[in-house]
Structure formats: structure tokens, C-alpha cells
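Asks: I'd like to ask you about the structure that follows.
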Amino acid sequence: MQFGRYYEEFEVGAVYRHWPGKTVTEYDDHLFCLLTMNHHPLHLDAHYAESASQFKRNVVVGNYIYSLLLGMSVPDVSGKAIANLEIESLRHVAPTFHGDTIYGETTVLDKRESSSKPDRGVVAVQTRGYNQDGTLVCVFRRKVMVPKREYATAAVPEGVDPERPSFPEPR
């Protein structure tokens, strides 16, 4: 299975559908909130959410959904990345709830060769996340610096697969 892409493999307009999706559990949401110190009761307190919010139930913290989608896109987009350069925009379009399943897809918006280093290029992409009903819940744009194939594989000895590192022999 391919993990990421070289610069030459990106085509403007290409759409990569990320698989598998991820069903968000209450545990996932609460753990992420606690790890990131986001203690807002809308995410953690079912009674508060039921009595004081328009949704009448806990809403999954948006940064978790963004993180899921970013992670889902790695095998298709940034698995070979030299650097994630920037997040240009991030919008949470609709709420996500415990039990929702998130699916993602990424579209290649633009690509350009690096002006300072000939061994790499910059790829601009937009990732969209949908729930199980097809409702758009999150969309973000980012730029990723990726290597060109000829430079990445030029120094690899014959018989070595640059996609698979070798492991030490057991003792």
C-alpha cells in the first residue's frame, strides 16, 4: 500500500477519498478534551448540554474532528511530507455528535515547485469531512511540502525499498 505521494504524483483536481471512516465515541471525545485541557461542559457534561444547549446533547469538540480528518488524509496526502507548512483555513460547518461516523476526502487545489530547493514542491489541498448522512461537518485547506521522486530515490542502494525501512536482525 502506498503511503503518501511524491510531488509528481499529485494532479490538480484529483480527489482522494480516505478510508476507513471513524465512528466517534463518547470516550474518544472526552479523552481528547481532557488531553487538550478543553473542559467546556458542552463537550463533557451531558446534563449541561441537555439543559443549556440548542442541540440538547453533547457536541464533539471540533478540534478532534479536524485531527481525525488530518490523520485520515496522511496515507493519501502527507505520508511522504517533508513539512506541513500551514493551515490556511479551518471551518466547522455542522456539529458532530457521539455515535456519528466521519468520512473524509481531499482535493488537490494547486502545486508548485519550490523556488529555493529543486528536490521538493508545495502542494495545496482541501480536506472535507462528512458524517454518515453526507452532511459536511468540517473543511480545511493546507499546504504540504513533499519530495520529488528522483531526489528521494537517488541515494537508495539497489535492493532497498525506499518505501519500507529495514529492521534490525533479532538477537
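Asks: How large is the charge dipole for the chain, taken about the Cα centre, if only the Cβ atoms of Lys, Arg (+1) and Asp, Glu (-1) carry charge, to the nearest 20 debye?
Replies: Dipole size: approximately 320 debye.
Asks: Something else now. Cut-off under 27 Å on the C-alpha distance; same-chain residues fewer than 8 positions from Lys143 excluded. Which lysines are left, in chain and number order?
Replies: Lys22, Lys80, Lys111, Lys117
Asks: Rounding to the nearest 10 and keeping the result within 0 to 90°, find how far the Cα-based axis of helix 62-73 lies from the longest principal axis of the chain.
Replies: 30
Asks: Using only the heavy atoms of the protein chains and a 1.4 Å probe, how would His98, His40 rank by accessible area, largest first?
Replies: Most to least solvent-accessible, the answer reads His40, His98.
Asks: By how many degrees, 0 to 90 and rounded to 10, does the Cα axis of helix 26-35 deviate from the longest principal axis of the chain?
Replies: Approximately 70 degrees, to the nearest ten.
Asks: Hey, what's the range 1-115 come to in accessible area per residue, 1.4 Å probe, Å²?
Replies: 58
Asks: Please state the relative contact order of the range 1-74 as a whole percent: Cα pairs under 8 Å, 6+ residues apart?
Replies: Averaging sequence separation for qualifying contacts and normalising by length gives 28 percent for the range 1-74.
Asks: Which order do Arg112, Arg17 take by accessible area at a 1.4 Å probe, largest first?
Replies: Arg17, Arg112
Asks: Which translational diffusion coefficient, to the nearest whole µm²/s, is obtained for the range 59-107 from the Stokes-Einstein equation, given a Kirkwood hydrodynamic radius over C-alpha pairs, 4 °C and 1.567 mPa s?
Replies: Rounded, D is 106 µm²/s.
Asks: Turning to a different aspect of this structure: Determine the order of Leu85, Leu42 by accessible area, beginning with the largest, at a probe radius of 1.4 Å.
Replies: Sorted descending by solvent-accessible area, the residues read Leu85, Leu42.
Asks: Ignoring everything but the protein chains, give the 1.4 Å probe accessible area of Lys111 in square angstrom, nearest 10.
Replies: Answer for Lys111: close to 60 Å² accessible.
Asks: Also, I was wondering about something else. Rounded to the nearest 10 Å², what accessible area does Glu150 show when all protein chains are kept and the probe is 1.4 Å?
Replies: 120
The values are calculated or read from the model by the stated rules, or taken from the named source; none is laboratory data. Values in this document were obtained by computation on a predicted structure and should not be read as measured data. So basically every Cβ, Gly included, is an ideal-geometry build from the backbone, and we count neighbours across all protein chains shown. Accessible surface areas use protein heavy atoms only, side chains included; no ligands, DNA or RNA. Shrake-Rupley method; radii C 1.70, N 1.55, O 1.52, S 1.80 Å.
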